[in-house]
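J.: One structure coming up, written as structure tokens, with questions to follow.
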Amino acid sequence: MISQLRAIISRDPAARNFLEVLLLYPSVHVMISHRIAHFLWQLRLKFLARFISQIGRWLTGIEIHPAAQIGKGFFIDHGMGVVVGETAIIGDNVTLYHGVTLGGVSPSVDADSQRCVKRHPTLCDGAIIGAGAQILGAVTVGENVRVGSASVITKDVPDNVTVVGNPGRILRKKCSKEFTAYGMPDDLPDVTARMLQELQSEIDDLHAQVNLLKQSQKYPVG
């Protein structure tokens, strides 16, 4: 718990002291209920575990299945609307923002065939997941990955990259390991400008090909 309080203070400039974080931050409250629920789940007291996790959901608006495995230094900023599925695994010092879904993708409509099967994401140490992002299926998001807001991830992501968009695509490799709010560094390249430049380059190539065709028709060989 102390590691979580320190993690929140180090990442949130609005957090002023330990007492404030302990009493007023939903991330702390939901993790208290999750630690209890997870312990009960491991004891096979599954109904009681689900009941405790449901209380945490009512109090915070954050839904974490009691079977989910969560490391130290975990921080859910703002919190409302976050969903963490049953087989999700979250490493150390991971940050989620509001509206994030760590969801499962079931290839079969038969629920029995999906029980005890890894179907939710694994987030490695230091990952930052921006608001509204959806990470779906048994994918692995590597260490220190930054996922931009509203992105949708359905494939594995390597370490130390920035991913944005739907579907998610790598926008930057070898991103900084320093904490960046919402997973988006200030100097991120302008995707729209880059796309326009690529379109202009293709147009220029097409113009050049058309001019060559016109010249070959004007001066036929033989």
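J.: Of the conditions (1) open to solvent by 90 Å² or more (accessible area, probe 1.4 Å); (2) assigned to a helix (DSSP H, G or I); (3) not aromatic (Phe, Trp, Tyr), Arg44 clears all except one; give me its number.
T.: That leaves (2) as the condition not met.
J.: Okay, moving on. For Gly104, are the conditions met, namely being at pLDDT below 95 and surrounded by fewer than 23 Cβ atoms within 10 Å (Cβ to Cβ)? Don't jump to the end; show me each part of the working.
T.: Details: at pLDDT below 95: yes; surrounded by fewer than 23 Cβ atoms within 10 Å (Cβ to Cβ): yes.
For Gly104, the condition - at pLDDT below 95 and surrounded by fewer than 23 Cβ atoms within 10 Å (Cβ to Cβ) - is met.
J.: Return yes when Gly81 is modelled with pLDDT under 95 and under 15 Å from the mean Cα position of the chain (by Cα) and no when it is not. Give the steps one after another, and end with the answer.
T.: On the way: modelled with pLDDT under 95: yes; under 15 Å from the mean Cα position of the chain (by Cα): yes.
Yes; evaluated as a whole, the condition is true for this residue.
J.: Among the candidates Thr95, Thr60, Thr87, single out the residue that is under 13 Å from the mean Cα position of the chain (by Cα) and buried (at least 18 other Cβ atoms within 10 Å of the Cβ).
T.: Values: Thr60 fails: under 13 Å from the mean Cα position of the chain (by Cα); Thr87 fails: under 13 Å from the mean Cα position of the chain (by Cα).
Checking each option against the conditions leaves just Thr95.
J.: Can you report the number of residues in segment 114-154 which are over 8 Å from the mean Cα position of the chain (by Cα), open to solvent by 20 Å² or more (accessible area, probe 1.4 Å) and more than 20 Å from Arg11 (Cα to Cα)?
T.: 13
J.: So, one more: Tally up the residues in segment 13-29 that are assigned to a helix (DSSP H, G or I), open to solvent by 60 Å² or more (accessible area, probe 1.4 Å) and either of a type in the set (S, T, N, Q) or more than 12 Å from Leu59 (Cα to Cα) (or both), please. Lay out the reasoning, then the answer.
T.: Kept after step one, since they are assigned to a helix (DSSP H, G or I), are these residues of segment 13-29: 18-24, 26-29.
With open to solvent by 60 Å² or more (accessible area, probe 1.4 Å) added as a condition, the list becomes 18-19, 22-24, 29.
If we keep only those that are either of a type in the set (S, T, N, Q) or more than 12 Å from Leu59 (Cα to Cα) (or both) as well, we get 18-19, 22-23.
Adding up the residues that qualify gives 4.
The values are calculated or read from the model by the stated rules, or taken from the named source; none is laboratory data. Quick caveat, the model's predicted, so the values are computed rather than measured. Cβ sites come from the backbone with ideal geometry, for glycine too, and all protein chains shown count toward neighbours. Areas reflect the complete protein model, heavy atoms only, side chains present, ligands, DNA and RNA absent. Shrake-Rupley method; radii C 1.70, N 1.55, O 1.52, S 1.80 Å.
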